[in-house]
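Remarks on the structure that follows.
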Amino acid sequence: MSEPTSSFLRMADLPSTHLLGGGTPMCAGCGGLQALQQIYDVLGPKTVFVNAAGCMTLLSVYPFTPFRGSWLYTAMASAPAGAQGVRDALDVLKEKGRLPREEDLDVVVLTGDGAAAGMGLSATSGAIDRGLDFLYLCYDNEGYGNTGQQSSPATPHGAHTATDVGSEGHLGFKKDLFALWVANRPRYAATVIGCEPLDLARKIEKAASLTGPRLILALAPCPTGWLYPPEASVEVARLAVSTGVFPLKEYVDGEVVHTKVKRPRRPVEEYLKLQGRFDHLFDPVRQDAVIDAIQRRIDTYWEPYE
Ligand SMILES: Cc1ncc(C[n+]2csc(CCOP(=O)(O)OP(=O)(O)O)c2C)c(N)n1
Ligand code: SF4
Ligand SMILES: [Mg+2]
């Protein structure tokens, strides 16, 4: 086995007999995996991942994970409850002198948007209310990736998914998970994306230096669900930022601050056109009403900051 170049043990470094089907079970170009790898490079191995069922669950093939710390798998709705149990167990061990304080571990929930913005909300809200000391990492691929790209509460307006196949695509609007967290007054909340590694690293360092409930929300461009070639993942991610679709920001000490503001913003059309899930907005007939509605929401979001 070759020595990994970072603290993240890559699937490719494991003997193929350790992997499902003899190869990596993740899709090429997965933006969620890119962000997770960068985040783990900063967090380091003293972590326990508490994973809600989703795409990233495929990283763990019993008894292996690509992480040097530990991994606990939970039902979609229960990751924050699992995190509470792990945090409590670590604290009890420390209290009894069975775990030296310097060997304490950080508890990190790893969840998709479907769990985070849907059925996991109640457990998350309870954990924030209790002031649980945990990092909550949501990779947002804007759908139920693991089960075949059905819509989730984070699916954007107009997108085609396995469950939104009508001519206008998804009729709902993406739920704002960052705002939901901020309304709960956590210790810290931030959005990150793999194509902005310095911004990401600074925010993870900041989050790791704090205690209490902390959100990291990573936009996770998903070639398989968003329907673009894997090699376009970074371009799609960059356009998510430069069109203003995905604001990079953080909440700390009661204030929200944007950490990267691209001016002038690119028209959202450039972002939409790269992705097959929006093809029906341009072909066979251009759907100006839907495209304009998407652009208007972005402009309205940014208006107070111009
Ligand atoms: C209560 C419950 N309903 C449905 C499922 C099946 N299921 C497993 S993963 C998944 C999709 C989760 O979506 P998301 O949280 O966005 O993660 P992703 O798959 O996109 O990584 C579903 C529906 C489940 N595990 N538990
Ligand atoms: S479906 Fe999307 S989020 Fe899931 S592993 Fe594939 S690229 Fe990543
Ligand atoms: Mg998802």
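The values are calculated or read from the model by the stated rules, or taken from the named source; none is laboratory data. Model, not experiment: these values are computed from the prediction. With ideal geometry, Cβ positions are generated from the backbone for all residues, glycine too; neighbour counts draw on all protein chains shown. Surface accessibility is based on the protein's heavy atoms, side chains included, excluding ligands, DNA and RNA. Shrake-Rupley method; radii C 1.70, N 1.55, O 1.52, S 1.80 Å.
Values for this structure:
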read-out: Net dipole in debye of segment 18-145 [+1 Lys, Arg Cβ; -1 Asp, Glu Cβ; about Cα centre; nearest 20]; value: 320 debye
read-out: Accessible-area order (highest first, 1.4 angstrom probe) of the listed residues His160, His170; value: His160, His170
read-out: Distant-in-sequence amide H partners of Tyr188 (H built 1.01 Å from N, under 5 Å); value: Leu215
read-out: Within the accessible area of segment 86-211 (1.4 Å probe), percent carbon and sulfur; value: 54 percent
read-out: Per residue solvent-accessible surface (Å²) - the chain, probe of 1.4 Å; value: 45 Å²
read-out: Zone residues, segment 265-306, relative to Val256, backbone N less than 19 Å from point 7 Å out along Cα-to-Cβ; value: 265, 294-306
read-out: Set Lys206/Lys260; Lys46/Lys206; Lys94/Lys203; Lys249/Lys273 screened for pairs whose C-alpha atoms are more than 19 Å apart; value: Lys94/Lys203; Lys249/Lys273
read-out: Cα shape, segment 43-184, gyration tensor, a/c 1.5 rule; value: prolate
read-out: Separation of alpha-carbon centers, segment 238-271 and segment 132-177, rounded to whole Å; value: 19 Å
read-out: Additional length obtainable on full extension of the chain from Gln37 to Val285, 0.36 nm per residue less Cα span; value: 85.3 nm
read-out: Cβ-defined net charge surrounding Pro100, 15 Å radius [Lys, Arg +1; Asp, Glu -1]; value: 0
read-out: Length-normalised contact order of the chain in % [C-alpha pairs under 8 Å, at least 6 apart]; value: 16 percent
